[in-house]
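In what follows, a single structure is set out as structure tokens and then discussed.
The values are calculated or read from the model by the stated rules, or taken from the named source; none is laboratory data. A quick note: this is a predicted structure, and the numbers were derived from the prediction, not measured. As a convention, Cβ positions derive from the backbone with ideal geometry for all residues, glycine included, and neighbour counts pool all protein chains shown. When the accessible area is computed, the model is the full protein with side chains, heavy atoms only, and any ligands, DNA or RNA have been set aside. Shrake-Rupley method; radii C 1.70, N 1.55, O 1.52, S 1.80 Å.
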Amino acid sequence: MSRISYVNGEYAPHQDAVVHIEDRGYQFADGVYEVMAVRDGFIIDLEPHLDRLDRSLAALSIAAPMSRGALRIVIREVVHRNLVRTGIVYMQVTRGVAKRAHAFPKDASPAIVVTSRSMASPSASAVNDGVKVITMPDIRWGRCDIKSISLLPNVLARQQATAAGAYEAWLIDSAGDVTEGSASNAWIVDAKGDLVTRHLGPALLGGVTRAAIVDACKAAKVKVVERTFSLKEALAAREAMVTSTTSFVLPVVAIDGKAIGRGADKGKAGPVYRQIRPLYEARVAAAIRAATSVASGGALQKAAAGA
Ligand code: PMP
């Protein structure tokens with residue numbers, strides 16, 4: 001089966017889906033994107049991803065390429081046409097095609113691309129035994145809360161991590177604090193036993209997974225503190241973790257080659273991780289069940305019954 005992608009109003013065979021050479025995404029990285037996870041054929045956290053897309057577009061004064069209702073239909077259609085059960089959907093919106101000039105063009109319409117492909121969940125070894133991260137200076141711009149397609153510093157950081165045999169690069173700001181990973185949010189369990197992740201702001205992307213874990217922890221009465229933490233504190237932490245759409249939540253067992261944790265858990269997944277991973281999995285399972293009941297007419301039956 002050949003892959004099908006959506007590009008500017010058409011579903012096209014993936015190899016034929018192309019954009020114009022003067023697309024501002026290509027020339028200026030003048031655009032934004034989202035990556036969503038697909039499980040059992042359903043898109044996880046579609047609405048929070050679409051909310052974040054709206055925020056990113058608004059921050060850059062790019063118009064929405066279509067209504068949210070239409071976008072939902074296109075995204076689901078792309079997943080469906082590619083028969084993706086476990087994988088991702090990628091969506092990118094740019095300011096559109098115009099003669100190259102830095103200032104915004106007057107007459108360009110936003111360009112949109114949606115692709116989807118199968119991708120395995122994180123390996124059992126990553127989930128159970130954890131992953132390693134290395135650190136490097138955060139050399140990105142001052143609006144990392146916008147999910148911009150301008151990802152060169154992230155690309156360079158992840159390449160350095162990959163070359164070093166690490167899963168992720170944690171980025172360190174000029175004060176010595178951890179901002180986030182090249183494509184994930186960073187967490188620790190501090191000396192008091194609190195689960196800590198950096199507070200939202202322009203220094204990091206507000207991850208949809210980060211928000212889901214904060215919510216799940218609140219519901220399960222697991223304390224989460226949103227504050228800055230330094231690399232020094234991370235190296236001395238009881239536990240460390242990363243979260244993202246593609247990783248969900250994974251334990252970090254070494255930072256810059258130093259094993260994280262204490263006692264028997266040193267260099268291993270810790271108890272807080274083992275508590276919150278099932279909370280996140282339960283949330284995904286509940287979302288799939290809810291979507292399945294709508295898909296199988298549950299919502300229609302409820303509506304018919306006046307519920
Ligand atoms: N930070 C950065 C820089 C990212 O690229 C990502 C992945 N999109 C995240 C954090 C995690 O965000 P999410 O949980 O929405 O995937």
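Inside segment 180-212, residues that are within 11 Å of the ligand (Cβ to nearest atom), open to solvent by less than 20 Å² (accessible area, probe 1.4 Å) and over 15 Å from the mean Cα position of the chain (by Cα) make up a count of 1.
Remark: VAL242 falls outside the filter, which requires a residue to be open to solvent by less than 70 Å² (accessible area, probe 1.4 Å), away from the ligand (no atom under 14 Å from the Cβ), in contact with a Leu (Cβ under 6 Å, 6 or more places away or on another chain) and of a type in the set (Val, Ile, Thr).
In the set (1) modelled with pLDDT under 95; (2) within 16 Å of the ligand (Cβ to nearest atom), ASP265 fails one condition alone, (2). Restricting attention to segment 231-280, the residues that are under 17 Å from the mean Cα position of the chain (by Cα) and basic (Lys, Arg) total 1. If you filter segment 213-228 down to residues that are within 16 Å of the ligand (Cβ to nearest atom) and touching a strand residue (DSSP E or B) at 6+ places or on another chain (Cβ under 8 Å), you find that the one that is most open to solvent (accessible area, probe 1.4 Å) is GLU226. Summed over segment 138-170, residues that are within 30 Å of SER61 (Cβ to Cβ) and of a type outside the set (Phe, Trp, Tyr) total 20. Given the condition farther than 19 Å from ARG158 by Cβ, within 16 Å of the ligand (Cβ to nearest atom) and open to solvent by 20 Å² or more (accessible area, probe 1.4 Å), answer yes or no: does some residue in segment 269-280 qualify? Yes; the residues of segment 269-280 include at least one that is farther than 19 Å from ARG158 by Cβ, within 16 Å of the ligand (Cβ to nearest atom) and open to solvent by 20 Å² or more (accessible area, probe 1.4 Å).
Out of segment 54-70, which residues are surrounded by 21 or more Cβ atoms within 10 Å (Cβ to Cβ) and closer than 29 Å to SER121 by Cα? Within segment 54-70, SER56 is the sole residue that qualifies. Are any of the residues in segment 7-18 out of contact with any Leu (no Cβ under 9 Å at 6 or more places or on another chain) and buried (at least 19 other Cβ atoms within 10 Å of the Cβ)? Checked against the condition, which is being out of contact with any Leu (no Cβ under 9 Å at 6 or more places or on another chain) and buried (at least 19 other Cβ atoms within 10 Å of the Cβ), segment 7-18 yields no hits at all. Can GLY165 be described as closer than 27 Å to VAL222 by Cα and more than 13 Å from the ligand (Cβ to nearest atom)? Considered against the rule, which asks whether it is closer than 27 Å to VAL222 by Cα and more than 13 Å from the ligand (Cβ to nearest atom), GLY165 comes out as no.
Scanning for something in contact with a strand residue (DSSP E or B) (Cβ under 9 Å, 6 or more places away or on another chain) and β-branched (Val, Ile, Thr), does segment 63-73 turn up at least one residue? No; the residues of segment 63-73 include none that is in contact with a strand residue (DSSP E or B) (Cβ under 9 Å, 6 or more places away or on another chain) and β-branched (Val, Ile, Thr). Every listed requirement among (1) open to solvent by 60 Å² or more (accessible area, probe 1.4 Å); (2) over 20 Å from the mean Cα position of the chain (by Cα) is met by ARG76 save one, (2). Here is the figure for segment 125-153: residues that are surrounded by fewer than 19 Cβ atoms within 10 Å (Cβ to Cβ), of a type outside the set (A, V, I, L, M) and not in a loop (DSSP other than H, G, I, E, B) total 5. Taken as a whole, the structure places SER121 among residues that are closer than 18 Å to PHE248 by Cα and surrounded by fewer than 19 Cβ atoms within 10 Å (Cβ to Cβ). Taking every residue in segment 151-165 that is under 23 Å from ASP30 (Cβ atoms) and pairing it with any residue that is at pLDDT 95 or above and part of a loop (DSSP other than H, G, I, E, B), at least 6 positions away or on another chain, the pairs with Cβ-Cβ distances below 7 Å are PRO153/ILE139; PRO153/ARG140; ASN154/SER182; ASN154/ALA183; ALA157/SER182; ARG158/SER182; ARG158/ALA183. Residue-level check: of (1) of a type outside the set (Asp, Glu); (2) closer than 14 Å to ASP256 by Cβ; (3) within 12 Å of the ligand (Cβ to nearest atom); (4) outside any helix (DSSP H, G or I), ALA157 misses just (4).
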